[in-house]
Amino acid sequence: MEPQTQASRSSDPIIQVRNLRKTYYHGKLVALDNVSLDIPQKQVAVIIGPSGSGKSTLLRCLNYLETPDSGDVIVDGISLSTTEQLAKVRAEIGMVFQQFNLFPHLTVLDNIMVAQRIVRKRNRDDAERTAKELLAKVGIADKGNSHPGQLSGGQQQRVAIARALAMQPKIMLFDEPTSALDPEMIKEVLDVMLQLAQDGMTMVVVSHEMGFARNAADRVIFMDEGAIIEDTTPKELFDAPKHDRTREFLGKILH
Amino acid sequence: MLLDDTSRLTEHRLTRAEARDWRLVAAAFGALLLLVSYALPLFGQRISSATTEFSGGTVIEREYPVLVHEQHFAQTKRPIGEQLVSVEITTEQVSLAESTGYGWMAQIVQDSEGALRHLSMLLMMGLPLVSAVIAIALVGQSWRGPSGVPEALIPISIQLAALSVPGLFLAWFHQFDFSFLLLEQSAGALMPGVGFWLAMAASVTTAVSLFSLRNETRREIVNWWALVLAVVLVIWLLVRFRPFPYLEIWRFINDGILVTLRIVSTSFGLMLLVSLLGGLGRISSNRVINFVASLYVELVRGIPLLVQLLFIWFALPQVFNVIGAALLSVPLLEGAGQWLIDLRLDPFTAAVLGLTVCYGAYGAEIFRAGISSIHKGQMEAARSVGMSYVQAMRFVILPQAARVILPPVGNEFVALLKDSSLVSVLAVSDLTRRGREYMSRTFLSFDTWIMVALCYLVLTLFSSRMVELIESKTRFER
C-alpha cells in the first residue's frame, strides 16, 4: 500500500471522511456527530462555524491527532483507523496550528530541516537547500538563523507553513492560522496561503477569515454542533445561505 | 539564542562626573602606593637555622629554608604527648635583591627545586601588582575618557586587591617556612619591613575605594567561584602550615575522595537513565507501565536512603538465597537458581545500586514535571510532520525539557554527593569512612572531621557552580 501508487491511480477524493463520531468527557460532550465528507484533489475547502461547533476537531481528525470514537478517515486510499504506518501518512499531510508550535530550541532553518532529516532521511545539504527555498517563498529568507522567539507572530506562522511544506505534503491543513495574530500581520500569512491555493495545493482551512473564504475557497463548509449544516460554493453560502443557522452565524460575523 | 552578557558589560564606561569622584582619587593613590611598595624591602630578616627541644628529650635541628616533605617528616617525628620546651633561632639579613620587588624573582632563580612553592608565592605576591595595574588603567581611562578598558574589570581589581591582604601575610609566612608553632616563638625577631605595611595599606585603600565606586554602578561583586577557591586555599593552608596532623590526614583520606567521586559519577549516570525511564513511565498512557512507575516512585521515596542501603547490603543476599533455593527445584531454571545463590554483591555495586534506586525515584518526578511542562502543541507539531513518538521525544520534547530539568537535576547531583557519605556503612572506603578510620586510629576527631567537611565542601561548591555555568549556557529565548 504505497501512497505514491495510490495517488496516481484515480481521481478518487484524496480525503474521505466516513461517519466520524468524536465525544469528550466519556460521551457527555459530542464534538463530531456522524460527519461524512469528501475532498477531491486540489480543492481548497474552508470550514467555518461558531466556536465549539467541532470544526477544529474535524480538522485534527483528518491526520488522527485526535482519534475518533468511531468512523474512519481515508487519505490517499489509506484508512487511518487501521493503518500501521500513521506517521508515514502524517508526513504527507502538512498542518499549521493556531499557536504556530514552532520548536523554540531550534533555529528557523533547523525547524524546517529537522523533520526532513529524520523522517524523510534527506542529507543535510538537500534539507538546507529546501529550507532556504521555502523561506524565500514565504518571504523571510533573511531569518534562517534566528530563533522563533525573536520573530513576530506573522513571521512565525510563515515559518510554520514552510516547515509543513518542507515535507512536500499532498494536503495542507490549517487550524485557525490567523487567530493568534495581530491584525496587521494577518495579511502576510493569508497572502502565503493564497499563493499556495493558486499553486494547486489541496487545502482544508478552519478560519474566521471570510475574505479568504470568498476569494480563495472552492468550497465553504458551515458546521454547527458537530454536524455539517451547509456545504456549497462560497458565492452561494455568503450570498444565499439556505439554512437559518448559517444566516444567523453570518449575520453575527459580517455585521 | 544564548545570552551573551559580554557586550552589555563593556558598554558602560565611567562618566566624567564619576571621574572627579574622591573614590577614584583614592583608588589611584592606593594603586600608586602599591607600585611604590614593590621597590621597597618587604622583609628585613629570615631564619637561617632553628633548634627545637621537646619535653621528652627530643631535639630537632634544621637549616632553612626546608622543603615541604622534609618538614613533614621532621614534624611527625615529634613524639605524641611531648610538649614544646624551647625554640632557638638564628636569623640572617635578607639581601636587597631578594627583598625588593617582593623578592620572588631572585628566589625563583636561586631555588628551582621548590618550583611549586614559588609558583604559589608568585601568585600571592603578584596579586597586588595585577590589582594595581588594573586599578591604574581604570582610573586613567576615566580621567582621559573611554579607552577600551571595560568596567567589568572593576570587580576583578577589587577582588585581587582584597585577596592581596591575606596574600601578603602568606608571603611573610613563607619567609619562616615553618609551622605556626615556630612562628609564635620567632615573630618578634622577624617583623616585616616598611614595604610590607605599605603594600598592605595600599591594597586595602584600593579595594575599599573601588568597592564604594562600584556600588553606584551596581555590578555584581561577589563571584561565588571565589568561595570554591577560598575553601581550597583553607585546605592548602592547613596542609602547608600544619602538616601535623593535616598533611597526614590528607594523605590518609585522599583515596577516599576518588572512591566517593567514582560512586557518585556512576550512580548519577545510572540515576539519569532510571529517571528518564521512570519519568516517561509516569506520563505513559499505558496503564500497566504508568502503575509500575508510580509504585516505584511512591515506595522508594517513602523509605530512608540509609534503610535502603542497609537492606541491599545485609538483606538482599538472603532474599537471593531463598529465591535461588526455590528455583533449584524448578526444572530448566536450576542454573538461574544456582547463579542467584552464588551471587555476591561487592560493596561498591551495593552502594551504586542503593543510590541509583533511591535517587532515580526523585529524578523520575523531576523528569515527569519537566516533560509535562512542555506545551502539548510541541508534541502535536512533531507528530504532524510524521515523527514517531520516540523521534518526537528525542528531537523535540527532551531537548526543551532538558533545560527545565537541569537546575533540579543539578541539585539532585549535589544532594547525591552529600548522601553518598551514607554508603560508608557498607564497608565502602569512601571519604567519610576513611575519615572515620583515621579518627579511630588517632582520636583526632576535630582535625579529621574538619578536613573531611572541607573536602566535601569543595566538591559540592564546585558542582553547584558548574550547574550554574551549564544552566546559563543552555538558556534560549522563548
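Within segment A:62-89, being in a loop (DSSP other than H, G, I, E, B), within 24 Å of A:Gly226 (Cα to Cα) and within 11 Å of another protein chain (Cβ to nearest Cβ) holds for A:Asn63, A:Tyr64, A:Leu65, A:Glu66. A single member of A:Ser70, A:Ser53, A:Ser36, A:Ser79 is of a type in the set (S, T, N, Q) and under 16 Å from A:Glu176 (Cβ atoms), and it is A:Ser53.
Which fully enclosed helices (runs of 4 or more DSSP H) of segment B:314-419 have 1 or more residues being within 14 Å of chain A (Cβ to nearest Cβ)?
On the way: elements: B:316-328, B:334-342, B:347-372, B:376-384, B:389-392, B:398-419.
Once the helices (runs of 4 or more DSSP H) in segment B:314-419 are filtered for at least 1 residues that are within 14 Å of chain A (Cβ to nearest Cβ), what remains is B:347-372, B:376-384, B:389-392, B:398-419.
So which of B:Phe462, B:Phe443, B:Phe395 ends up being surrounded by fewer than 22 Cβ atoms within 10 Å (Cβ to Cβ), without any contact (Cβ under 8 Å) to a residue 60 or more places away in the chain and more than 30 Å from A:Ala91 (Cα to Cα)? Before the answer, list the steps.
Working: B:Phe462 fails: without any contact (Cβ under 8 Å) to a residue 60 or more places away in the chain; B:Phe395 fails: more than 30 Å from A:Ala91 (Cα to Cα).
After ruling out the rest, the residue left standing is B:Phe443.
Out of curiosity, is B:Ser267 at pLDDT 80 or above, assigned by TED's automatic domain parsing to the domain that holds B:Leu457 and more than 20 Å from the chain's Cα centre (by Cα)? Can you show your working first?
Values: at pLDDT 80 or above: yes; assigned by TED's automatic domain parsing to the domain that holds B:Leu457: yes; more than 20 Å from the chain's Cα centre (by Cα): yes.
Spelling it out, B:Ser267 is indeed at pLDDT 80 or above, assigned by TED's automatic domain parsing to the domain that holds B:Leu457 and more than 20 Å from the chain's Cα centre (by Cα).
Restricting segment A:74-86 to residues that are open to solvent by 30 Å² or more (accessible area, probe 1.4 Å) and among the aliphatic types (A, V, I, L, M) leaves a set whose member that is nearest to B:Arg403 (Cα to Cα) is A:Leu86.
Could you list, in sequence order, all residues of segment A:152-162 that are assigned to a helix (DSSP H, G or I), out of contact with any Phe, Trp or Tyr (no Cβ under 9 Å at 6 or more places or on another chain) and either within 11 Å of another protein chain (Cβ to nearest Cβ) or without any contact (Cβ under 8 Å) to a residue 40 or more places away in the chain (or both)?
Filtering segment A:152-162 down to residues assigned to a helix (DSSP H, G or I) leaves A:153-162.
Now restrict to residues that are out of contact with any Phe, Trp or Tyr (no Cβ under 9 Å at 6 or more places or on another chain): A:154-155, A:158, A:162.
A:Gly154, A:Gln155, A:Arg158, listed by residue number.
Residue-wise test of (1) open to solvent by 40 Å² or more (accessible area, probe 1.4 Å); (2) among the small types (Gly, Ala, Ser); (3) touching a Ser or Thr at 6+ places or on another chain (Cβ under 6 Å).
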{"position": "A:Met95", "(1), (2), (3)": "no, no, yes"}
{"position": "A:Pro104", "(1), (2), (3)": "no, no, no"}
{"position": "A:Ala131", "(1), (2), (3)": "no, yes, no"}
{"position": "A:Lys137", "(1), (2), (3)": "yes, no, no"}
{"position": "A:Gly153", "(1), (2), (3)": "no, yes, no"}
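Taking residues in segment B:320-346 that are over 25 Å from B:Leu426 (Cα atoms), and partners anywhere that are not in a helix (DSSP H, G or I), the pairs with Cβ atoms closer than 9 Å and at least 6 places apart or on different chains are B:Leu327/B:Leu333; B:Ala336/B:Val330; B:Gly337/B:Ser329; B:Gly337/B:Val330.
Yes or no: A:Val205 at pLDDT 95 or above, surrounded by 22 or more Cβ atoms within 10 Å (Cβ to Cβ) and at negative phi? Break it down stepwise before answering.
Numbers: at pLDDT 95 or above: yes; surrounded by 22 or more Cβ atoms within 10 Å (Cβ to Cβ): yes; at negative phi: yes.
Taking the combined requirement at face value, the residue satisfies it.
In this structure, is B:Leu270 farther than 23 Å from B:Phe446 by Cα, in a helix (DSSP H, G or I) and open to solvent by 60 Å² or more (accessible area, probe 1.4 Å)? When the stated conditions are applied, B:Leu270 passes them.
The values are calculated or read from the model by the stated rules, or taken from the named source; none is laboratory data. Fair warning: this is a prediction, and the values are worked out from it, not measured in the lab. For neighbour counting, all protein chains shown are included, and Cβ atoms are generated from backbone atoms with ideal geometry for every residue, glycine included. What goes into the accessible areas is simple: the full protein's heavy atoms, side chains included, and nothing from ligands, DNA or RNA. Shrake-Rupley method; radii C 1.70, N 1.55, O 1.52, S 1.80 Å.
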